[in-house]
Amino acid sequence: MKYRNFRGTGVRVSEVGFGLWTVSTGWWGTFTDDEAVALMREALDLGVTLFDAADTYGNGRSEELMAKAFADRRDEIVISTKIGYDFVNHGDERRGQREIPQDFSPAALRRATDAALARLQTDRIDILQLHNIRMEQVEDDAVWETLEDLRSEGKVGLYGVALGPAIGWLGEGVLAIRRRHPAVLQHIHNLLEQHPGQAIQDAAREAKADTMFLIRVPHSSGMLEGQYTAETVFPPNDHRNHRPRSWLLNGVKKVEQLRFLENGGTRTLGQAAILWLLSDDRVASVLPNIYNAEQLREFAAATEKPPLSGEEHEQIAGLVAANFGQEREEAKFKGTMELPGELSPA
């Protein structure tokens, strides 16, 4: 495993992190507490130090799992979590992945932070993110003053934002970077879904901000793991059932054109997808969806594999520019680029 520091700070994280969404929400298979804890502990043993939760994942369950897994190893991990959804008053209203109301008032942010600290059984949150913010929160000085106060009080180390799949995108990300210079910004970015992620990361470079990125959905909901076929069927409660079928069919065709990244068997396609993201030095860590031990070991070993060559990067850019040779029909394009607007998977 390799590690990166957030710029201007002493916070050091593994280049491959562990997102707790998969093990705490039931939207990507069902895990008992013991199963989730065992997988998380194995991740730490493999060198993974960044564990990313959210208070709304399982209505507090993801943070409780972190406390169970690492009660005696707190100082070996970097705790990352998110606040903003009012699951205390509206948690029972969630149906599948439909959004519930948010509350970013200063009082709510303080209550949510204190509640997260209690569930995590710790005195500090290393990385705190505003969960799926809108433009209103980017522009609200009171929100950012509250975050700074929490940092000054020692309850929070670094703070920033996490952008949603269909409700917080280019405008929110770019304005947050330009106006607020957050230490961290988490967003969706992968070989098949490069917009608006690339534009957001370019904005940080242009603004000369120290913002670094946590990348989620790095495998395009599993597509870039290279295991899907046109006949793949997902379990009834699996979030991928909300994707249009065109997403599966188009994705399988595109993945076949990326097989050259396996580099003669020296790396898997899933590892190559991670390495492509890590080629940007503004990426602090990649958060793949991890749901079994075999996959965990594959992804944790990604940083040990040969980095992508300049020629491979050029070939990827050419395929993307040509949309992998596929007709860019509007419905199909939307299917590969985003989830339906009411969904919020992480």
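Quick rundown of the values:
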quantity: Folded to 0 to 90 degrees: helix 61-70 orientation relative to the chain principal axis, Cα; calculated: 90 degrees
quantity: Separation between Cα centres of segment 247-316 and segment 92-146, rounded to whole Å; calculated: 32 Å
quantity: Counted charge near Trp144, where neighbours are those whose Cβ lies closer than 13 Å (Asp, Glu -1; Lys, Arg +1); calculated: -4
quantity: Kirkwood hydrodynamic radius of segment 1-104, from inverse mean 1/r over distinct Cα pairs, in Å; calculated: 14.6 Å
quantity: DSSP-defined beta bridges in segment 3-337 - what % are antiparallel, rounded to 5; calculated: 15 percent
quantity: Whole-number D in µm²/s for segment 69-181 (Stokes-Einstein; Kirkwood sum over Cα pairs; 20 °C, 1.002 mPa s); calculated: 145 µm²/s
quantity: Folded to 0 to 90 degrees: helix 141-152 orientation relative to the chain principal axis, Cα; calculated: 80 degrees
quantity: Surrounding net charge for Glu15, when Lys and Arg each add one and Asp and Glu each subtract one, Cβ distance under 9 Å; calculated: +2
quantity: Per-residue Cβ neighbour rank within 10 angstrom, fewest leading, Asp33, Asp86, Asp114, Asp72; calculated: Asp72, Asp114, Asp33, Asp86
quantity: Cα-based convex hull, segment 194-237, per residue volume (Å³, whole number); calculated: 102 Å³
quantity: Choice from Ala53, Ala284, Ala108 showing the highest fluctuation, given a GNM over the chain with Cα pairs closer than 10 Å; calculated: Ala108
quantity: Cα radius of gyration and Dmax for the chain (Å); calculated: 19.0, 55
quantity: Size of electric dipole in the chain: Cβ of Lys, Arg +1 and of Asp, Glu -1, about Cα centre, debye, nearest 20; calculated: 320 debye
quantity: Residue-averaged 222 nm ellipticity for the chain, from DSSP H runs of 4+ at -39500 (n - 2.57), nearest 500; calculated: -10500 deg cm²/dmol
quantity: Nearest 10 degrees, 0 to 90: helix 197-207 Cα axis against the chain principal axis; calculated: 60 degrees
quantity: Fluctuation leader among Gln121, Gln186, Gln201 - the chain, Gaussian network, Cα springs under 10 angstrom; calculated: Gln121
quantity: Pairwise FRET efficiency - Arg259 versus Ala38, Cβ, R0 = 22 Å, nearest 0.05; calculated: 0.10
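Every read-out reported here was derived from the displayed coordinates using simple, explicitly stated rules and does not represent laboratory data. It should be emphasised that the depicted structure is a prediction, and the values quoted were computed from it without experimental measurement. With ideal geometry, Cβ positions are generated from the backbone for all residues, glycine too; neighbour counts draw on all protein chains shown.
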